[in-house]
Structure formats: C-alpha cells, structure tokens
1. Once phi is turned into ³J(HN,Hα) by the Karplus curve 6.51 cos²θ - 1.76 cosθ + 1.60 with θ = phi - 60°, what whole-Hz value does each residue of the stretch 81-97 show in order, with x for glycine and proline?
2. Past the 21 Å Cα-Cα mark, which pairs from LYS80/LYS118; LYS91/LYS118; LYS42/LYS170; LYS122/LYS170; LYS121/LYS170; LYS42/LYS75?
3. If you take the beta carbon distance between HIS112 and GLU55 as r and set R0 to 25 Å, what does 1/(1 + (r/R0)^6) give as a FRET efficiency, to the nearest 0.05?
4. What FRET efficiency, computed as 1/(1 + (r/R0)^6) with R0 = 41 Å and r the Cβ-Cβ distance, is obtained for ARG41 and LYS121, rounded to the nearest 0.05?
5. Between the stretch 176-204 and the stretch 33-109, how far is it from one alpha carbon centroid to the other, in angstrom?
6. Return, ordered by residue number, the residues of the stretch 149-169 whose backbone nitrogen is under 16 Å from a label point located 7 Å along Cα→Cβ of LEU33.
7. Can you tell which of TRP89, VAL128, TYR168 lies farthest toward the positive end of the dipole of the stretch 34-197, using +1 and -1 charges on the Cβ of basic and acidic side chains (Lys, Arg; Asp, Glu)?
8. Per residue of the stretch 45-51, what does 6.51 cos²θ - 1.76 cosθ + 1.60 with θ = phi - 60° give for ³J(HN,Hα)? Whole Hz please, x for Gly and Pro, Karplus curve as stated.
Amino acid sequence: MQAQNFEPPAKVREIKSAMVKLSTPNEGPIFWLRDSNDLYRKLIFESNRLEQGFEIYDAFNFFVTAWHLYHDWKKSDDPKCQSRTKRDWNKLPMQMKIVLGVVRDIVNGSKHFRLDEKAAKKRIVDEVHSGMESNWYSYFFHEDLPGVTVDEQWYFSVRVLRTFVMEYFKWVFDANTSHMNFPPSLLEAIDYCNIANRPAGQPPILWGQ
C-alpha cells in the first residue's frame, strides 16, 4: 500500500531543523509538540477529521489527545498561566466534570480495556452504546453513532462529546476570557444531555452542532 502524503500543521512546518543536545537527565526527546498550545492545535486537527465523519481511529486519537491535554500537559505549563487554571478540576462546574469524566473513562477503557482498582472507582460511564438501538436514548437522539450513558440518565454521543470538548478547550485557550466566566452556552448544552431532566423547548444551539 502506497503511503499517503501527510501535510503537517503550519506550526510544525515553521520549525527549523536543528540538533538539540539533551543536557539534563530528566530532559525528554521531543518531536515538534512542545507545549499545550501545540497539543491544542493537534486536537483541532483531529476534531476536524472527526467532524467530517465518524471513524474509529480518529475518535480514538481525538479523545486520547483531549484527555492528555486536560490532565497531563497542564503540569508543564506556567503555574500562573490562565489556561492551566481553567484545567483545574476543583474550579470546574459539575457539568464539565461529567464530560471530562466520560472522556477519561473512554480513554482508560480504550487504552487498557480492563481498569485497575483506582480507575474503576472513578468510572462514571455505566453503559456503552454502539449506535442506533432499541432504547429510549435512540428515540431522543436519532443518531447512528456510538455513545455512553452516565447514571442511567445522561447520554453523550461521540458527536456531542466532540462539540463539548472543543468548546471547553476554546475557552481554556482564550486569553481574553477569565477562568471565572465558564461559557453558559456550554453548560446549557451539557444539561440537555440529561434525558431524565431535559428542559422543554428547542435544543440549545451548541448541542445541535
């Protein structure tokens, strides 16, 4: 099979070739991606691919990148950086914690298949759906896409998870928005996924994207 041409993001193309001496024992070898902003660009790239149509490998890459961007890469950022503060679990609203908990569970399950005791205690996903099924979630969503349920009342398809994750990180890396001002439109859209307590009326604009 002939290899496909891959066009890297502009940020990667700008990096000039240079020899880098690893001068300290804890310094890691790095190819191109050097900070959270670089990984965010990678997430955008993977989100665009997933938006064009569901594909298993793209979904796997997207959720793994999203989780590590939230959970791991913030640790190497400046402690005073606002984007790091916006990734502080204790400062996030309950709705966003549920979404990030779902992403965490998908990533841990997809990477390890069976969870260790610590991860199992944190798991909030109670059921995985492969697509259109004969259940009440399909009735409300009408999407032939994989999804998960939480607490037997929240339902998140791959489509809405991608939207919520990208809206969250758009806010995280917006330097002009305070960490105190979490996007109300995102909270509204997440609440709409609570089937048991879904508000009446038209779906939130963000949910329908």
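Readers should treat all values here as calculations from the given coordinates under stated rules, not as data from a laboratory. Computed from a prediction, not measured in an experiment: that's the story for all the values here. Ideal geometry is used to build each Cβ from the backbone, glycine not excepted, and the neighbour counts take in all protein chains shown.
1. 3J(HN,Hα) across the stretch 81-97, in whole Hz: 5, 5, 5, 6, 4, 6, 9, 8, 3, 5, 9, 9, x, 4, 4, 6, 4.
2. Over 21 Å apart, Cα to Cα: LYS80/LYS118; LYS91/LYS118; LYS122/LYS170; LYS121/LYS170.
3. With a Förster radius of 25 Å, E is 0.70.
4. E(calc), rounded to 0.05, equals 0.75.
5. 19
6. Taking a point 7 Å out along Cα→Cβ of LEU33, the residues of the stretch 149-169 whose backbone N falls under 16 Å are 166, 169.
7. Of the candidates, TRP89 comes out farthest on the positive side.
8. For the stretch 45-51, the Karplus curve yields 4, 6, 5, 4, 5, 5, 5 Hz.
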